[in-house]
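Colleague: There's a structure below that I have some questions on.
The values are calculated or read from the model by the stated rules, or taken from the named source; none is laboratory data. Source: prediction; values computed, not measured. Every residue, glycine among them, receives a Cβ derived from its backbone with ideal geometry; neighbour counts consider all protein chains shown. Only protein heavy atoms, including side chains, enter the accessible area calculation; ligands, DNA and RNA are left aside. Shrake-Rupley method; radii C 1.70, N 1.55, O 1.52, S 1.80 Å.
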Amino acid sequence: MDETIVQMVCNVKYTDCCSSNGMSYIMIISDMDANEFRSAAKQLVDYIADYIENIRDRDVLPSVKPGYIKQLIPETAPEDGEQWSAIFADIEKVIMPGMTHWHSPHFHAYFPTANSYPSICADMMSSALAVIGFTWISSPACTELEMQMMDWLAKMLDLPEHFMFSNGGKGGGVIQGTASEATLVTLLGARNKTLAENGNNKELLTKLVAYASEQSHSSVERAGLLGAVQMRLLPTDENLSLRGSVLSEQIKRDRANGLIPFFVVGTLGTTNTCAFDNIPELGKVCEEENLWLHIDAAFAGSAFICPEFRHHLNGVEYASSFNMNPHKWLLINFDCSTLWIKNSEYIVDAFNVNPVYLRHDNQGQIPDYRHWQIPLGRRFRSLKMWFVFRSYGIKGLQNHIRKQVVLAKHFESLLLKDDRFELSTPVDLSLVCFRLKGTDALNEKFVKLINDAKCIHLTPTRVGGRFIVRFAVCARTTEDRDIDFAWNEIQRQALIALTQ
């Protein structure tokens, strides 16, 4: 077949030939070349910048119904490649109608998910390099930059030196995908440590018991399920904080019943209300009882780079592991969940499988991160930390945290001026928990009215049986005017809820 005809009919870039079993075939190959990539990428970068800078103009919540995409795209992939222009045009047609705009200044649900231009650039570079950094030799830069970035952030947080590679000990840091992964990894490490201390008797597995606050994230309970151990969710005090005395008493009861306590999760900044467990008290109990203390500071941990919030981390010296999510509040795009471990050998021993094809001459001299996580493969995520830390500097990151705390305080001040509302918990960082004075049914109706209107987005929770409304300052671009906009919408919907 004439190559020109093939290109005309099939709209391809080039053809090639191959043979199999004595038969020759024409391979029709459609590929974006370097020049087309330059053009497409520049177009997409402009689109991304326009999207972020004009995101206020979009409804924060979509209006589509489940299954909407099936009505907009074919049921099968195209036989022949399509032009970039057609793909680009479908972004607005297919994707944007179904987007919840997490980075809108009118998004006040859940917790922030970080986003910044330097981090986006780093993700582009990571995608271009496309390394799979499971061992040092698979990409030395991927491993060594991660080690350095984990030490940079550890110093910003004023973590104990035993968590740093620069200390030369057994500790160090690793980037996980999520805080959920970090909790599971450390639970498995603690399980491995405890079984080793008890003669590796696998029959003891059913007797292992872990502990956390009843306010802890659902992923903590899920880690117990995946780790095949019992997980006790313990009651909290009037500040929704888990105290050492409660933990100590439960440990005594469990030991008396022949169980083996081994693992405790202390939460700093709970999802429900941003409450803080009493880490110094929990730490002392764990030290006395020889239990692994893991600190989950997924959201709030970023704030600890500011000296005025660092007191929440007091007691971290007792911890065997500490985790926070820069991808929540430190301007680093998902996914980047940082985990520090006091003694990495417990994790490495739990996950170490060493086939010949993954070995290299420098084993043992430097970490192979495949032993520090559940997946084998991993992206070059430390590039995001490197780009963001250098672009903003410590002062710039601190200012970002402080600005959003001030914005939350601004919302709190507006709320306190309206006697129809009440605060549900004290406001510490950038989360405000409140409710209309009245029944749970009234507040449920109130939240539904807000989210149905799609001007702003809020999420509720239940604490102590009460229905509570959460207002989080999320987007990097949120300003005073956005808080005022949200407050006006909240007042408008409150009036409707109270008069209907």
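Colleague: Given the pairs Lys70/Lys448; Lys93/Lys448; Lys65/Lys454; Lys328/Lys403, which span a C-alpha to C-alpha distance of over 19 angstrom in this model?
Modeller: Lys70/Lys448; Lys93/Lys448
Colleague: With all protein chains present, calculate the accessible area of Leu431 using a 1.4 Å probe and round the result to the nearest 10 Å².
Modeller: 10 Å²
Colleague: Of the listed values (1) 45.1, 154; (2) 25.9, 85; (3) 22.7, 73, grab the one calculated as Rg and Dmax of the Cα atoms in Å from the structure here.
Modeller: (2)
Colleague: Of all accessible surface on segment 132-378 at a 1.4 Å probe, what whole percent is carbon and sulfur?
Modeller: Of all accessible area on segment 132-378, carbon and sulfur atoms account for 49 percent.
Colleague: Taking the full set of protein chains and a 1.4 angstrom probe, give the accessible area of Arg476 in square angstrom, rounded to the nearest 10.
Modeller: About 70 Å², ignoring ligands and nucleic acids.
Colleague: Of all the Cα-Cα pairs you can form in segment 132-378, what percent are over 25 Å apart?
Modeller: Above the 25 Å cut-off, segment 132-378 has 39 percent of its Cα pairs.
Colleague: Which order do you get for His101, His410 if you rank them by accessible area with a 1.4 Å probe, largest at the top?
Modeller: Result, largest first: His410, His101.
Colleague: Which whole-percent values make up P(r) of segment 40-100 when all C-alpha to C-alpha distances are grouped in 10 Å steps starting at zero?
Modeller: The calculated distribution, bin by bin, is 17, 45, 32, 6.
Colleague: If you don't mind, another one. For the chain, what does the helix formula give at 222 nm: sum of -39500 (n - 2.57) over DSSP H segments with n ≥ 4, over the residue count, nearest 500 deg cm²/dmol?
Modeller: Calculated at 222 nm, the ellipticity per residue is -12500 deg cm²/dmol.
Colleague: Would segment 456-495 count as rounded, prolate or oblate if I go by the C-alpha gyration tensor, calling it rounded below 1.5 in a/c and otherwise prolate when a/b exceeds b/c, oblate otherwise?
Modeller: Oblate, since a/c reaches 1.5 and b/c is not below a/b.
Colleague: Pull up the cross-link candidates among the lysines for Lys202, meaning alpha carbon to alpha carbon under 30 Å and not fewer than 8 places away within one chain.
Modeller: Counting by Cα, and skipping residues close in sequence, Lys202 has these lysines nearby: Lys170, Lys193, Lys252, Lys284, Lys342.
Colleague: In nm, to one decimal, how far is the Val353 label point from the Leu226 one, both placed 7 Å along Cα→Cβ?
Modeller: Distance between label points: 1.6 nm.
Colleague: Run the 1.4 Å probe and let me know the accessible area of Met125, rounded to the nearest 10 Å².
Modeller: 90 Å²
Colleague: Show Thr76, Thr459, Thr439 ordered by accessible area, largest first, where the area counts protein heavy atoms only and the probe is 1.4 Å.
Modeller: Thr76, Thr439, Thr459
Colleague: At 1.4 Å probe size, put Ser126, Ser166 in order of accessible surface, largest to smallest.
Modeller: Solvent-accessible surface, decreasing: Ser166, Ser126.
Colleague: Residue by residue through segment 68-73, which ³J(HN,Hα) values in whole Hz follow from phi under the Karplus form 6.51 cos²θ - 1.76 cosθ + 1.60 (θ = phi - 60°), with glycine and proline marked x?
Modeller: 4, 5, 4, 7, 10, 10
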